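Quick notes on the structure that follows.
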Amino acid sequence: MTDLDQRIASVLREHAEGETDTHRLLRDSRALGRRRQVRRRTATGAALALVGVLGFVGVSGTDLGGLSGRLPWGAATPAAAPPVPPRADGVPGAATDPTRVATDPQVLHFGVDTARARYLGWEVRQNEVESVRFTVGGGQPVLVEVSRSVELLSRGGVEGFTFDAVGEPLPFDGTVREVPGQTGGLILSWRPENGLYARASTAGRDQTALRRAVDALRWNQARRCAGPLRLTTLPPGATVVNCAVDVSAFPGGLNARFVLVRGEDATMRLTFDHASQLAGGRTEGNRTVGGRSAYLYPDGTRLEVLGIPKSHLIATFGGLDKGFTEADATVLLAGARVAQDLTDPRTW
């Protein structure tokens, strides 16, 4: 949890009349700027949630603390080297077989040269986009997104920029486009292989630095979308379509998320949030999951496994996420395995 997170939670607890769902509010605020398209659904409340939070606690200016780390160019470089997604042995990279990109939610078909770059996060949205966030030489974080479809890559806009700022559709011809604004930004779009479209976005105006970061990409390797949380059982008929891991605050913070679907309309999310500064937490449950105490929130749409130090592990199966039940969430959480040592990626 960042300093801003702590301040938000503290103020809300002091002023709210009754229990405030700080976990959900903080999670929604950190989602600002993060484009998520799963089964044609778009989360629409994140920006409003952040506006409400900032307006309530009186935060102004650029003092956004750890929240800025959720934008592709704002992630602070941690003191410790963050984890590297492990290689997917026997799986060809995008350079060998570009048709595999985004076909498996558990596999990234490209990576970065770890001698030059450090990972901040990675994500796969099945049948849509693979993405990696990283820095080179302590420079501005860069987000690279790759897809087999220019429409899928373009339809959600560019993370961190408004549609108006980006303007006309990107040409994917290797040119760099400058994005106007107070801090400015750059977008490079190109075709790394026949049948593939790639886009790199970052803050600032240094085109040389952006191209240097793109040079650190490696298209001849495949890596697993691995993180501190593993799933061993799924509800009947469910499949994973989205895997996302954020290590920008490692080792002090870690985030992992999975999205599951069933049929055409059922969606469920599983989120794991760890923060070394997180104090206390709920201790009394009203459910049992795999022999562990759990808590079903009053709205009846979220089930959390308790007792994981400085962490929250929550399955969301209501609201925008419909079609799954508490029983499904129980099956999923009972098979969820959290790494024994969150600071040691070898245990992931």
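The values are calculated or read from the model by the stated rules, or taken from the named source; none is laboratory data. Computed from a predicted structure; not experimentally measured. When we count neighbours, we look across all protein chains shown, and the Cβ atoms used for this are built from the backbone with ideal geometry, even at glycine. Note: areas computed on protein heavy atoms with side chains; ligands, DNA, RNA excluded. Shrake-Rupley method; radii C 1.70, N 1.55, O 1.52, S 1.80 Å.
Working only within region 145-177, note down all residues that are among the basic types (K, R) and either more than 23 Å from L108 (Cβ to Cβ) or open to solvent by less than 20 Å² (accessible area, probe 1.4 Å) (or both). Spell out how you get there, then give the answer.
Going residue by residue through region 145-177, those that are among the basic types (K, R) are 148, 155, 177.
Within region 145-177, R177 is the sole residue that qualifies.
Any idea how many residues of region 190-244 are small (G, A, S) and either modelled with pLDDT under 95 or within 20 Å of S154 (Cα to Cα) (or both)? Show your work before the answer.
At the first step, the residues of region 190-244 found to be small (G, A, S) are 195, 198, 200-201, 203-204, 209, 213, 216, 222, 226-227, 237-238, 244.
Imposing the further condition that a residue be either modelled with pLDDT under 95 or within 20 Å of S154 (Cα to Cα) (or both) reduces the set to 195, 198, 200-201, 203-204, 226-227, 244.
Number of matching residues: 9.
Quick one: would you say D246 is under 30 Å from T103 (Cβ atoms) and touching a residue at least 60 places away in the same chain (Cβ under 8 Å)?
Details: under 30 Å from T103 (Cβ atoms): yes; touching a residue at least 60 places away in the same chain (Cβ under 8 Å): yes.
It is true that D246 is under 30 Å from T103 (Cβ atoms) and touching a residue at least 60 places away in the same chain (Cβ under 8 Å).
Taking region 301-311 as the search range and keeping residues that are assigned to a strand (DSSP E or B) and of a type outside the set (A, V, I, L, M, F, W, C), which one is farthest from G281 (Cα to Cα)? Explain how you work it out, then say what you get.
The initial filter retains those residues of region 301-311 that are assigned to a strand (DSSP E or B), namely 302-305, 311.
Add one more test, that the residue is of a type outside the set (A, V, I, L, M, F, W, C), and what stays is 302, 304, 311.
Working: R302: 16, E304: 11, S311: 9 Å.
By that ranking, first place goes to R302.
Within region 297-313, can you find the residues that are more than 21 Å from the chain's Cα centre (by Cα), over 15 Å from F324 (Cβ atoms) and of a type in the set (G, A, S)?
Across region 297-313, the qualifying residue is only G307.
What tally of residues in region 211-222 results from selecting those that are among the polar types (S, T, N, Q) and open to solvent by less than 20 Å² (accessible area, probe 1.4 Å)?
1
For residues in region 312-343 being aliphatic (A, V, I, L, M) and not in a helix (DSSP H, G or I), which is most open to solvent (accessible area, probe 1.4 Å)?
L320
Limited to region 251-286, what total is found for residues that are modelled with pLDDT of 95 or more and assigned to a loop (DSSP other than H, G, I, E, B)?
2
Listed here are the residues, each with its yes/no results for (1) part of a loop (DSSP other than H, G, I, E, B); (2) open to solvent by 60 Å² or more (accessible area, probe 1.4 Å); (3) closer than 15 Å to S131 by Cβ.
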position	(1), (2), (3)
G181	yes, no, no
L188	no, no, yes
P192	yes, no, yes
G195	yes, no, no
T202	no, no, yes
A209	no, no, no
R230	no, yes, no
P235	yes, no, no
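Of all residues in region 127-139, which are within 14 Å of the chain's Cα centre (by Cα) and either modelled with pLDDT under 95 or among the hydroxyl-bearing types (S, T, Y) (or both)? Give the steps one after another, and end with the answer.
Going residue by residue through region 127-139, those that are within 14 Å of the chain's Cα centre (by Cα) are 129-134.
Correct list: S131 only.
The conditions are (1) farther than 24 Å from L306 by Cβ; (2) buried (at least 19 other Cβ atoms within 10 Å of the Cβ), and R269 fails exactly one of them. Which is it?
In the conditions (1) farther than 24 Å from L306 by Cβ; (2) buried (at least 19 other Cβ atoms within 10 Å of the Cβ), R269 misses (1) alone.
When you go through (1) touching a residue at least 40 places away in the same chain (Cβ under 8 Å); (2) under 14 Å from G160 (Cα atoms); (3) of a type in the set (G, A, S) one by one for G195, which number turns out not to apply?
Unmet for G195, out of (1) touching a residue at least 40 places away in the same chain (Cβ under 8 Å); (2) under 14 Å from G160 (Cα atoms); (3) of a type in the set (G, A, S): (2).
Mind telling me which of the residues V142, V91 ends up being modelled with pLDDT of 95 or more, surrounded by 23 or more Cβ atoms within 10 Å (Cβ to Cβ) and β-branched (V, I, T)?
Values: V91 fails: surrounded by 23 or more Cβ atoms within 10 Å (Cβ to Cβ).
Exactly one residue qualifies, and that residue is V142.
Does E178 satisfy being over 21 Å from the mean Cα position of the chain (by Cα) and without any contact (Cβ under 8 Å) to a residue 12 or more places away in the chain?
Details: over 21 Å from the mean Cα position of the chain (by Cα): yes; without any contact (Cβ under 8 Å) to a residue 12 or more places away in the chain: no.
In short, no.
Any residue in region 286-298 that's among the small types (G, A, S): show its pairings with residues that are in a strand (DSSP E or B) and open to solvent by less than 70 Å² (accessible area, probe 1.4 Å) at Cβ separation under 9 Å, as long as the two are six or more apart or on different chains.
Listed pairs, sorted by first residue: G290/V305; G290/A336; S293/V305; A294/L303; A294/E304; A294/V305.
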